[in-house]
Amino acid sequence: MELIELGMDHWFKAHADDLCQPKQRIARVTAVDRGQCIIRNSSGEVPAKATGTFMHSVQSPTDMPCVGDWVCVEYPEAEDSASIHAVLPRKSFLRRKAAGKSLDFQMIAANIDAAFIVISCHYDFNLSRLERYLVMAGDGRVEPLLVLTKTDLVSAAELEQLILRIREVGISARIMAISNVTGAGLDQVKAAMSFGKTYCLVGSSGVGKSTLINQLTGQETVKTGTVSKSGEGRHTTVRRHLIILEQGAMLIDTPGMREVGILVASEEMEDNFDDIQQLSPGCRFTNCGHTNEPGCAVLEAIAKGTLQQQHYQNYIKLKTESALNETLNTDQRKTGKRA
């Protein structure tokens with residue numbers, strides 16, 4: 001494959017010219033599993049490990065290679081493996097707060113053009129979780145695309161109501177409703193993907209991500225689990241890896257997420273709540289926190305029923321979580337300590 005087929009462009013090429021030494025070549029990370037990487041370039045796909053020098057220079061776990069990264073590598077004479085010497089800057093990314101009390105980030109994937117946020121129409125539908133995924137995408141400069149799966153388990157009227165609920169909370173991202181059983185809507189997903197572009201699938205376990213990949217590739221690329229009577233699938237994906245589709249688009253599969261913790265600046269988080277942002281200029285005070293201030297246009301909208309209470313509560317929760325994590329992170333940087 002040519003590097004352009006793996007997503008290489010002038011932006012990455014310029015950074016590669018600055019970072020890579022003469023004997024080093026450019027490759028893209030296609031999988032990561034317990035510190036072992038798989039990389040791919042025009043010569044093919046081989047395992048790769050970071051050098052000791054690179055590991056010594058790493059300031060944070062997020063600096064380690066992740067799926068989708070472009071790296072500077074050196075091959076031995078046999079070219080059956082490679083050593084990673086540098087990671088190129090990321091144009092975009094998906095990351096989340098690491099599980100538990102730690103304030104570290106966990107990188108999910110890098111250099112993504114769009115993320116398919118996969119939600120089941122059945123047991124998994126959760127607007128608050130969806131808003132967290134949207135904040136994650138906005139934080140990493142990734143376009144969000146919503147995929148509602150298992151439409152065969154709901155009626156047309158129920159599906160319409162689910163889409164209406166998404167729109168009522170101000171989410172304007174494109175929505176594609178599909179069934180992996182009947183094949184309905186799959187053409188929409190295929191049409192949304194372009195040659196040389198990279199996409200990522202995110203969502204809870206059992207929502208149909210692995211089955212969707214198999215539908216897109218036309219073969220059992222990813223193992224799938226049995227489905228329970230409730231329509232809930234079984235968790236099957238255990239690592240992140242990049243798949244090249246027949247039409248030339250690239251798709252990164254990810255394990256299901258039990259937690260979608262955020263760790264972003266408050267102003268970046270608020271960009272994902274456009275409806276509340278549009279109400280804010282009507283508040284009496286310019287620094288209104290939208291909690292108990294008099295003359296708050298947001299609270300007035302809730303009282304009138306034009307802004308949903310659950311949507312507002314999730315906004316306050318995410319805003320508080322983001323501000324707290326940002327403060328703790330700043331304090332740790334000042335003291336040189338990590339959570």
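The values are calculated or read from the model by the stated rules, or taken from the named source; none is laboratory data. Fair warning: this is a prediction, and the values are worked out from it, not measured in the lab. Please note: Cβ atoms are built from the backbone with ideal geometry, for glycine as well, and neighbour counts cover all protein chains shown.
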- Item | Given (1) buried (at least 19 other Cβ atoms within 10 Å of the Cβ); (2) at pLDDT 95 or above, number of the condition Ala14 does not satisfy | (1)
- Is one or more of the residues making up segment 35-52 on the phi > 0 side of the Ramachandran plot and either of a type in the set (A, V, I, L, M) or without any contact (Cβ under 8 Å) to a residue 60 or more places away in the chain (or both)? yes
- Task: Of the numbered conditions (1) modelled with pLDDT of 95 or more; (2) buried (at least 21 other Cβ atoms within 10 Å of the Cβ), Ile163 fails exactly one; give the number of that condition.
- Result: (2)
- Item | Filtered residues of segment 290-312 (kept if in a loop (DSSP other than H, G, I, E, B) and in contact with a His (Cβ under 7 Å, 6 or more places away or on another chain)) | Cys296
- Task: State whether the residues of segment 69-80 include one that is under 30 Å from Ser172 (Cα atoms) and not aliphatic (A, V, I, L, M).
- Result: yes
- Selection over segment 278-303 where residues are farther than 19 Å from Glu168 by Cα and acidic (Asp, Glu) yields a count of 1
- Query: From Leu164, Leu148, Leu153, which residue is closer than 30 Å to Val298 by Cβ and touching a Cys at 6+ places or on another chain (Cβ under 9 Å)?
  - Reply: Leu148
- Restricting attention to segment 168-203, and to residues there that are in a helix (DSSP H, G or I) and under 19 Å from the mean Cα position of the chain (by Cα), which single residue is surrounded by the most Cβ atoms within 10 Å (Cβ to Cβ)? Val189
- Odd one out for Ala99 among (1) within 21 Å of Met8 (Cβ to Cβ); (2) surrounded by fewer than 21 Cβ atoms within 10 Å (Cβ to Cβ); (3) at pLDDT below 95: (1)
- Task: Being assigned to a helix (DSSP H, G or I), more than 24 Å from Asn111 (Cα to Cα) and not polar (S, T, N, Q) is the filter here, so list the residues in segment 125-155 that pass it.
- Result: Leu127, Asp152, Leu153
- Item | Single residue of Ala301, Ala323 found to be among the hydrophobic types (A, V, I, L, M, F, W, C) and modelled with pLDDT under 90 | Ala323
- Query: Ser81: more than 25 Å from Gly196 (Cβ to Cβ) and in contact (Cβ under 8 Å) with a residue 40 or more places away in the chain, yes or no?
  - Reply: no
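Does Glu267 count as modelled with pLDDT of 90 or more and either part of a helix (DSSP H, G or I) or β-branched (Val, Ile, Thr) (or both)?
No: the conditions fail for Glu267.
Name the one entry in Ile171, Ile166, Ile108, Ile119 that is hydrophobic (A, V, I, L, M, F, W, C), under 21 Å from Gln308 (Cβ atoms) and touching a residue at least 60 places away in the same chain (Cβ under 8 Å).
Exactly one of Ile171, Ile166, Ile108, Ile119 is hydrophobic (A, V, I, L, M, F, W, C), under 21 Å from Gln308 (Cβ atoms) and touching a residue at least 60 places away in the same chain (Cβ under 8 Å), namely Ile119.
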- Item | Qualifying strands (runs of 3 or more DSSP E) (wholly inside segment 1-118; at least 2 residues being closer than 30 Å to Lys190 by Cα) | 25-33, 36-41, 44-50, 70-74, 93-97, 105-110
